[in-house]
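Some notes on the structure that comes next.
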Amino acid sequence: MKSIKILSVTISILLLCSCGQNSLCENTFFAMDTVMDIKIYGDKNIMSEISSCISDADRAFDRNNSDSEIFKLNISKNLEISPETAALIQKAVAVSEDTDGAFDITIAPVMDLWGFYNQQYHVPDTVSLNSALACVSYKNIFFSGNTVSLSGGASLDLGGIAKGYLSDKLCDIIKSHNISSAIMSLGGNVYCVGSKPNGSKWTIGIRSPKNNAELLCSVNVSDCAVVTSGTYERYFERDGQRYHHIIDPKTGLPVDNNLASVTVICKDGTRADALSTALFVMGIDKAFEFQKKSHDFEAVFIKNDNSIYITPGIEHDFSADSYKILN
Ligand code: ADP
Ligand code: MG
C-alpha cells in the first residue's frame, strides 16, 4: 500500500504543464488514501514544492506509518513533536471544545475496531466497542509547549482534519508565488485560491449522495474552502446495512441522523474539514444553531432523500433545482 502511494506521488501524472504565463498546470497525486488534483494558473514552476508538501503531510499524519509523528505519539503517549503538528492537534481540540465533542481526534481505537484502516471491515460487538470508547475523549490530550501527552489510553486519528490542513499549506505555497488563480481537490476537500483566470468565481459542484457521479447542487466561491463529509465517501455493507466512516464519539457508531452529506464553506480549510465532520455528527438542528453563533462559515446539508438545506448566507451563491433555506 505504502509503496503504491510513494510510487504514485513520485510519478504523479503530469497531465498538462506547459507553465507559461497564466497557462494551466495540472497535476494529480495519490496521498492520504485519496486522489488529489491540483490546477494552477500561472507560470511558476511550483509543482515540485507542492509535491514535496503533499508527501511530507502524507507521511507526518499517517498513523499507520511508523515514521510519522502521530504513530510515535500514539505508541509513546508522550512526545515532543513539531510545532506544526502540535498546532494542528491544538486546533482539532479547539473544534472538539466548540462542538461539545462531536469532533474528536481520539476516535482512533473505534475506527480500528470497525476496520476502516486496513479495510478488514466488521461490525464490532458491544463489549469491544465500549472498551474502545472508554479511551475516546479529547480531554485526554494535554499540551506542554510542543510536547503532547495522551492519557486514558487515548490515541489520535487526524483523518477528519489533515486534508484541510494540507489544503491551507498548499494555498500558502501557491500564494507565496503570487499566483492568484488555482483550484485543488483533495478527496472531498476543495480549495479555491483567488478566482478563475477570467475573474469570475469558481463553481464547485456538490455530489448527489445517492449517485456519486451526479452533481446535485453547486456553490460559487473565491478564495475559500468547500469541504464535504458524506456517508458515501467510505463505507462497507453487511446484511443489507451500510456502515460509513463518520463516527459519533458518544456511541462509537456510524452517525445515523438522516444526513447523507454536509458541506462547509469557509476561508479556513483546516476548520472547514473539521467542521464538516463535526456538523455531520451534530445533525442538522444542532449544526444550524452552532452555525448561527459562529459567523465564519456557511453550510449545505443533504438528507438521505436528497433534500437540500442551506444556511442563509450562501443563498446568493448557491444553485440547485430545489432547496430550503434554514431559518
Ligand atoms: P473524508 O476523510 O472522507 O474527507 P471526513 O473529513 O468527514 O471525511 O473525515 C472522516 C474521517 O475522520 C474518518 O475516516 C476518521 O478518520 C475520522 N473521524 C470519523 N469520525 C470522526 C469524529 N467524530 N471526529 C473526528 N474525526 C473523525
Ligand atoms: Mg472532515
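The values are calculated or read from the model by the stated rules, or taken from the named source; none is laboratory data. A quick note: this is a predicted structure, and the numbers were derived from the prediction, not measured. Ideal geometry is used to build each Cβ from the backbone, glycine not excepted, and the neighbour counts take in all protein chains shown.
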Considering residues of segment 157-183 that are more than 8 Å from ligand 1 (Cβ to nearest atom) and buried (at least 24 other Cβ atoms within 10 Å of the Cβ) only, the residue farthest from Ala87 (Cα to Cα)
Ala182
Could you say whether any residue in segment 105-122 is away from ligand 1 (no atom under 16 Å from the Cβ), of a type in the set (Gly, Ala, Ser) and in a helix (DSSP H, G or I)?
no
In segment 217-240, anything aromatic (Phe, Trp, Tyr) and surrounded by fewer than 16 Cβ atoms within 10 Å (Cβ to Cβ) is listed as Tyr235
(1) touching a residue at least 60 places away in the same chain (Cβ under 8 Å); (2) outside any loop (DSSP other than H, G, I, E, B); (3) more than 23 Å from Ile105 (Cα to Cα) all hold for Val227 apart from (3)
Flag if Asn178 is under 26 Å from Phe301 (Cα atoms), modelled with pLDDT under 95 and not hydrophobic (A, V, I, L, M, F, W, C):
no
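Looking only at segment 241-262, filter to residues that are within 16 Å of ligand 2 (Cβ to nearest atom) and over 19 Å from Lys303 (Cβ atoms); which one of those is surrounded by the most Cβ atoms within 10 Å (Cβ to Cβ)?
Of all residues in segment 241-262, those within 16 Å of ligand 2 (Cβ to nearest atom) come to 244-249, 254-255, 259-262.
From what is left, the residues that are over 19 Å from Lys303 (Cβ atoms) are 247, 249.
Values: Ile247: 25, Pro249: 21.
Applying the filter and picking the extreme gives Ile247.
Scan segment 272-323 residue by residue and report those that are part of a helix (DSSP H, G or I), of a type in the set (Phe, Trp, Tyr) and either within 16 Å of ligand 2 (Cβ to nearest atom) or without any contact (Cβ under 8 Å) to a residue 12 or more places away in the chain (or both).
Across segment 272-323, the qualifying residues are Phe280, Phe290.
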If I filter segment 212-228 for residues that are at positive phi and among the acidic types (Asp, Glu), do I get at least one hit?
yes
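So, in segment 267-282, exactly how many residues are surrounded by fewer than 23 Cβ atoms within 10 Å (Cβ to Cβ) and either near ligand 1 (Cβ under 9 Å from one of its atoms) or within 13 Å of the chain's Cα centre (by Cα) (or both)?
Taking segment 267-282 first, the residues surrounded by fewer than 23 Cβ atoms within 10 Å (Cβ to Cβ) are 267-268.
Then drop every residue that is not either near ligand 1 (Cβ under 9 Å from one of its atoms) or within 13 Å of the chain's Cα centre (by Cα) (or both), which leaves 268.
Counting residues in segment 267-282 that are surrounded by fewer than 23 Cβ atoms within 10 Å (Cβ to Cβ) and either near ligand 1 (Cβ under 9 Å from one of its atoms) or within 13 Å of the chain's Cα centre (by Cα) (or both) gives 1.
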Counting only residues that are over 21 Å from Glu233 (Cα atoms) and assigned to a loop (DSSP other than H, G, I, E, B), segment 172-192 contains a total of 4
